[in-house]
Amino acid sequence: MLKGLRELFSSGPAPYADPHERIPLGEVLKRNWLELWYQPKIDLRNMQPVGAEALVRARHPERGVVAPHIFLSEANEADLLTLSERVVLTVLADWELLARQGVAMKLAVNVPLSALAKLPLAQMLRESHLPTGKWTGLVFEVAEEQIVGDLPLADEIAGVLRPLDCTLALDDFGAGYSALARLRQLPFSELKIDRMYVMNCHRDRRNADLCARAIELGRRFGLSVVAEGIESVHESRKLQSLGCHIGQGFLFAKPMPKGQLIGLMAGIGLMAGISNQ
C-alpha cells in the first residue's frame, strides 16, 4: 500500500533516468560540469609514464561522471569552440599544478583543427605564465581525417605552435597511410595508431601489417608513434617487436582525475625529471 501511494504521488522519472540520454553540451558548459581526466602514455620498453592525454568528462549532479559521447554527439559548432577554449585553458592550469608537484610531464589534448585555427593559441599560451625552465609544451591531437583533409591549415597551425614548444599529433591514424606516405614532410610530431588496428594485432595479420607500416612511416619522418587502446600483454609485446615504443590503454591505466595522476606518479617515484617523448 505504501509503495503504491509513493508511486501515485511521485513527481515522475528523474530528468536523466535513462543512462544513455544525451545531455546538451551548452548545459555542461553553463553549469561548469566539465572535468578533464588523464590517461598516462607509457614507454613500452621500461613501462614508465612519459606523458598523459587529457580526456573530457562531465560530472552531472544526478548521473555522476558521464562519458563524452553523452554530451558531444549533438553539440553545435559554437559550443564546441567554447569547449575547446575551456579545455586548453584547463590543461594549462593543470600542467602548472602538476609542475608545482614535481610532475613536469608533457600533456596532450584533443582539439578539432577548425577550433585551433579560430582560437588565439599564441596569446593563450603566452598569458598562462608558465614557469620558465620547466615548460615541456603541449601536444594538440587532431583526428587523421582533419589533417589529411587540410594539410596546408595543419602546417600553418604547426608553425604557430612551434615557437611555443607545442606540436600537433595525428590522432586515430589508419586509413590515411597512402596519402601521407607520399609526402616529404609532415606538420606534426606524433602519430597515434587507432585502437581498432591495435586490437588483436598479435594475431590479426591485417592489423599487424598496418601497425608495422605506421611505425615505419613514423620512423621515416622522425615522429613519435603511440599505440592507442592497448588492452592485453600480447598486444603490447607485439607492438614492441614491431618497434613501437609508446603505448596507451587500459592495460596500463584507465583515465583518472589529475589528483589521482599525481598520486600515481608519486607512488612510482617519478616526481621529477620525467623525460619528454
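The values are calculated or read from the model by the stated rules, or taken from the named source; none is laboratory data. Predicted model, so just to flag it, every value in this text is computed and none were measured. Methodologically, a virtual Cβ is constructed for each residue, glycine included, from the backbone with ideal geometry; neighbour enumeration extends over all protein chains shown. Each accessible area value is taken on the protein alone, full model and side chains, heavy atoms only, with ligands, DNA and RNA left out. Shrake-Rupley method; radii C 1.70, N 1.55, O 1.52, S 1.80 Å.
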Per residue, in Å², the accessible surface of the chain once ligands and nucleic acids are set aside, probe 1.4 Å: 51
Which cross-chain or sequence-distant (5 or more) residues have an amide H under 5 Å from the amide H of residue 60, H modelled 1.01 Å from N in plane? 65, 66
Residue 209: net charge of surrounding residues, Cβ under 12 Å, Lys/Arg +1, Asp/Glu -1, itself excluded? +2
Given charges of +1 on the Cβ of Lys and Arg and -1 on the Cβ of Asp and Glu, with all other atoms neutral, how large is the dipole of the stretch 181-250 about its Cα centre, in debye to the nearest 20? 300
Given 211, 153, 163, which one lies farthest toward the positive end of the charge dipole of the stretch 149-237, if we put +1 on the Cβ of every Lys and Arg and -1 on the Cβ of every Asp and Glu? 211
Once R0 is set to 22 Å, what does the formula 1/(1 + (r/R0)^6) return for the Cβ-Cβ distance between residue 177 and residue 150, expressed as a FRET efficiency to the nearest 0.05? 0.80
Considering only protein heavy atoms and a probe of 1.4 Å, how much of the accessible area of the stretch 109-221 is carbon and sulfur, as a whole percent? 48
So for the stretch 16-57, taking the charge dipole from beta-carbon charges (+1 Lys/Arg, -1 Asp/Glu), which of 33, 48, 23 sits furthest toward the positive end? 48
Going by amide H atoms built from the backbone, whose H comes under 5 Å of the H on residue 50, apart from near neighbours? 41, 42, 43
If I compute percent of Cα pairs over 37 Å apart from the structure I just sent, which labelled value in (1) 12; (2) 32; (3) 16 lines up? (3)
Which value, in debye to the nearest 20, gives the size of the charge dipole of the stretch 27-133 about its Cα centre, when Lys and Arg are +1 and Asp and Glu are -1 at the Cβ? 240
By the gyration tensor of its Cα atoms, with a ≥ b ≥ c the square roots of the eigenvalues, what is the shape of the stretch 135-277: rounded for a/c under 1.5, prolate for a/b over b/c, or oblate? oblate
Relative contact order for the chain, counting Cα pairs under 8 Å that sit 6 or more residues apart, in percent: 19
Along Cα→Cβ, 7 Å out, is where each label goes; now give me the distance between the ones at residue 21 and residue 185 in nm to one decimal. 5.3
Dipole of the chain, Cα-centred, from +1 at each Lys and Arg C-beta and -1 at each Asp and Glu C-beta, to the nearest 20 debye? 740
What does the charge count near residue 45 come to, summing +1 for each Lys or Arg and -1 for each Asp or Glu among other residues with Cβ under 15 Å from its Cβ? +2
